[in-house]
Each structure stands twice: as structure tokens, then as C-alpha cells.
Amino acid sequence: MASAPPAPDADIDPHAAVESLRVALDRAGIVLPSLRADPASPSLRLVELGRVRADVALRLAHALERRETAP
């Protein structure tokens, strides 16, 4: 059984979050070239997803939809 996602206010390292997301996206065949921790707001621990082509956005949407409908 998958564990629940961490609470939004948890002390999560944005660099670790970026790497986890990069691995998960890679498994789905998706690359977000601008994916990085936001250096302008370290206290907010933001992750910059960046800009992507429309086809990549659509592939990401389909990957998330497949995940939602999986048993």
C-alpha cells in the first residue's frame, strides 16, 4: 500500500522533492527541462516546474489520469 503524501507544511527539502519528481516523470517518459528548486525563495521551499511544450503537458496529463484510474 502506498504511503500518504506528506502534509503541505512538512519540512521537505525541495532538492529532494525535485529528484523524486524527476525520477517519477522519467518512468512515465516525461522530461521537464526546467524542473528545479526555486533559488529565489528558499524559505518557501518552492519547486519550479518550468515551461513545457503542449505535447509534454498533454503527456503529463494523460500519465496523471492513468494513475487516477488505476485499481
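The values are calculated or read from the model by the stated rules, or taken from the named source; none is laboratory data. It should be emphasised that the depicted structure is a prediction, and the values quoted were computed from it without experimental measurement. Keep in mind that these areas ignore ligands, DNA and RNA; they rest on the heavy atoms of the full protein, side chains included. Shrake-Rupley method; radii C 1.70, N 1.55, O 1.52, S 1.80 Å.
Take the solvent-accessible surface of the protein heavy atoms, probe 1.4 Å, and return the percent of it on segment 8-62 that carbon and sulfur atoms account for.
On the way: 2380 of 4040 Å².
The computed percentage sits at 59.
Using modelled backbone amide H atoms (1.01 Å from N, in-plane), which distant-in-sequence or interchain residues come within less than 5 Å of Val47's amide H?
When sequence neighbours closer than 5 places are left aside, the close amide H contacts are Asp38.
When the Karplus curve 6.51 cos²θ - 1.76 cosθ + 1.60 is applied with θ = phi - 60°, which whole-Hz ³J(HN,Hα) does each residue of segment 12-22 get, with x for Gly and Pro?
In residue order, the calculated couplings are 9, 6, x, 5, 5, 4, 4, 5, 4, 5, 4 Hz.
Just to check I understand the Karplus step: with θ = phi - 60° and J = 6.51 cos²θ - 1.76 cosθ + 1.60, what whole-Hz values come out for segment 40-57, glycine and proline as x?
7, 9, x, 6, 8, 6, 7, 10, 8, 7, x, 9, 9, 5, 4, 5, 5, 4
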